[in-house]
Amino acid sequence: MKFNRFIMGFIFGIVISMSSYAQQNQDSSDWQQWVQNLRKEALAQGIRAEVFDTAFEGVQPSQRVQHFDKTQPEKRLTYAEYRKSRIDAFRILLGRREYNKYHDLLQKIAAEYHVSPCVITALWGLESSYGHFKGNFPVITSLATLAYQGHRKAFFRHELLLALKILNDHHVSLANFKGEWAGASGQTQFLPSSWYKYAVDYDGDGKKDIWNSTDDVLASIANYLKRNEWHNNEPWAIETSLPEDFDETLYGFENKRPLSEWEEMGVEVPGHLSPDLEAAILMPLGGPALLAFHNFNVIKTYNNSTFYAGSVGYLAEKICSKN
């Protein structure tokens, strides 16, 4: 009986191994076929064969990228907890140093694009710690993985083809084309489509180099803000206090109204602002209440999160304040 059980177990193990081996071969075959189909599409769009082949040499779907794509954070932070996790004293200190270091360049770019140099610096700081951390995921591998088996295959296939065009036009080397797990890269953390829409060759070297050129990085962020209709010399948001009986159904940008109306309802409104300036009341989890203006939504276009936009604005204020 023991011998028979041993034989049966041995046979079962062989069957499982063969099944696993066959599955791996099938997966590999499917991947190779997918890459070949992509290659045809890329070459038809003008990507040089050597660029495609070099970019995909040794590339396989990334288990790390798959993990991040499937894993969502479970803990919900309050606004204050989120802001503290993203902005500490060191990030503020470093931001002030970088702002002073590039003061003349920032002022020139801000004047040209009619945006805030403080917000340019804050976005730079939040996205890549002022260029000190740009991510270490190879962009082609990340986008290929998500295009092959992610939740938004068509979206990431389009981004992947655009990434190949960026390589094809020599704006970045393959070795430097790295970023976060979902394919955003550079000191600005642009997806390829955002690179095409907003990146600027500010230093005039023929490359829109958001990976290594500080001039291009800061001008590209400024262009992003401008193209998303930044209103210069207007606030982004101001902390406020609400009356005890405030109607919570009035929270949100769909209920924005002039400051004069909010003041009539008992909302604390700064006296130095025009009473005609429109604002919304936001109450992020854990507070505080915010009078949020048009520029708050402009920041949100960079990352569609109230917590993120509030953190960028807060960091911008800290960088440019003396306290």
Practice task
Please identify the pairs in which a residue from region 194-220 that is free of Cβ contacts under 8 Å to residues at least 60 places away in the same chain and farther than 19 Å from residue 178 by Cβ has its Cβ atom under 7 Å from the Cβ atom of a residue that is outside any helix (DSSP H, G or I) and not β-branched (Val, Ile, Thr), counting only partners at least 6 apart or on another chain.
Solution key: 198/190; 200/208; 201/207; 201/208; 203/213
Completion exercise
The lone condition residue 209 fails out of (1) of a type in the set (D, E, K, R); (2) more than 22 Å from residue 298 (Cβ to Cβ); (3) under 14 Å from the mean Cα position of the chain (by Cα); (4) crowded, with 22+ Cβ neighbours inside 10 Å is (3)
Handout entry: Pick from region 153-181, criterion assigned to a loop (DSSP other than H, G, I, E, B) and in contact with a Leu (Cβ under 7 Å, 6 or more places away or on another chain), ranking: surrounded by the most Cβ atoms within 10 Å (Cβ to Cβ)
Key = 177
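For region 267-274, state whether one or more residues are polar (S, T, N, Q), over 27 Å from the mean Cα position of the chain (by Cα) and surrounded by 14 or more Cβ atoms within 10 Å (Cβ to Cβ). So that I can check it myself, show each step before the final result.
If we filter region 267-274 for residues that are polar (S, T, N, Q), which is where we start, we get 274.
After this cut, where a residue has to be over 27 Å from the mean Cα position of the chain (by Cα) as well, the list is 274.
Checking the rest, the ones that are also surrounded by 14 or more Cβ atoms within 10 Å (Cβ to Cβ) come to none.
No: region 267-274 contains no residue that is polar (S, T, N, Q), over 27 Å from the mean Cα position of the chain (by Cα) and surrounded by 14 or more Cβ atoms within 10 Å (Cβ to Cβ).
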Fill in the blank from the handout: Restricted to region 67-106 and to residues being surrounded by 15 or more Cβ atoms within 10 Å (Cβ to Cβ) and among the basic types (Lys, Arg), the residue farthest from residue 142 (Cα to Cα) is 96
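Among the residues of region 294-323, write down those that are in contact (Cβ under 8 Å) with a residue 60 or more places away in the chain and farther than 30 Å from residue 192 by Cβ. First the steps, then the outcome.
Here is the first cut: in region 294-323, the ones in contact (Cβ under 8 Å) with a residue 60 or more places away in the chain are 294-296, 298-299, 301-302, 306-320.
Within region 294-323, 317, 318, 320 qualify.
Yes/no per residue for (1) part of a helix (DSSP H, G or I); (2) touching a Gly at 6+ places or on another chain (Cβ under 8 Å); (3) at pLDDT 95 or above:
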position: 51; (1), (2), (3): yes, no, yes
position: 59; (1), (2), (3): no, no, yes
position: 73; (1), (2), (3): no, no, no
position: 77; (1), (2), (3): no, no, no
position: 92; (1), (2), (3): yes, no, yes
position: 99; (1), (2), (3): yes, no, yes
position: 109; (1), (2), (3): yes, no, yes
position: 118; (1), (2), (3): yes, no, yes
position: 130; (1), (2), (3): no, yes, yes
Exercise for the section: Mind listing whichever residues of region 148-177 are within 18 Å of residue 66 (Cβ to Cβ), touching a residue at least 40 places away in the same chain (Cβ under 8 Å) and not polar (S, T, N, Q)? Expected result: 148, 150, 151, 157, 160
Practice task
Looking only at region 305-323, count how many residues are within 21 Å of residue 249 (Cα to Cα) and either surrounded by fewer than 18 Cβ atoms within 10 Å (Cβ to Cβ) or hydrophobic (A, V, I, L, M, F, W, C) (or both).
Solution key: 2
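Identify all residues within region 53-66 that are within 14 Å of residue 143 (Cα to Cα) and surrounded by 10 or more Cβ atoms within 10 Å (Cβ to Cβ); write none if there are none. I'd like the intermediate steps shown before the answer.
Pass one, region 53-66, residues within 14 Å of residue 143 (Cα to Cα): 55-56, 59-66.
Correct list: 55, 56, 59, 60, 61, 62, 64, 65, 66.
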Practice task
Sort through 250, 277 and tell me the only one that's in contact with a Leu (Cβ under 9 Å, 6 or more places away or on another chain) and surrounded by 14 or more Cβ atoms within 10 Å (Cβ to Cβ).
Solution key: 277
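The values are calculated or read from the model by the stated rules, or taken from the named source; none is laboratory data. Given the structure is predicted, the values throughout are model-derived calculations rather than measurements. Using ideal geometry, Cβ is built from the backbone for each residue, glycine included, and neighbour counts are taken over all protein chains shown.
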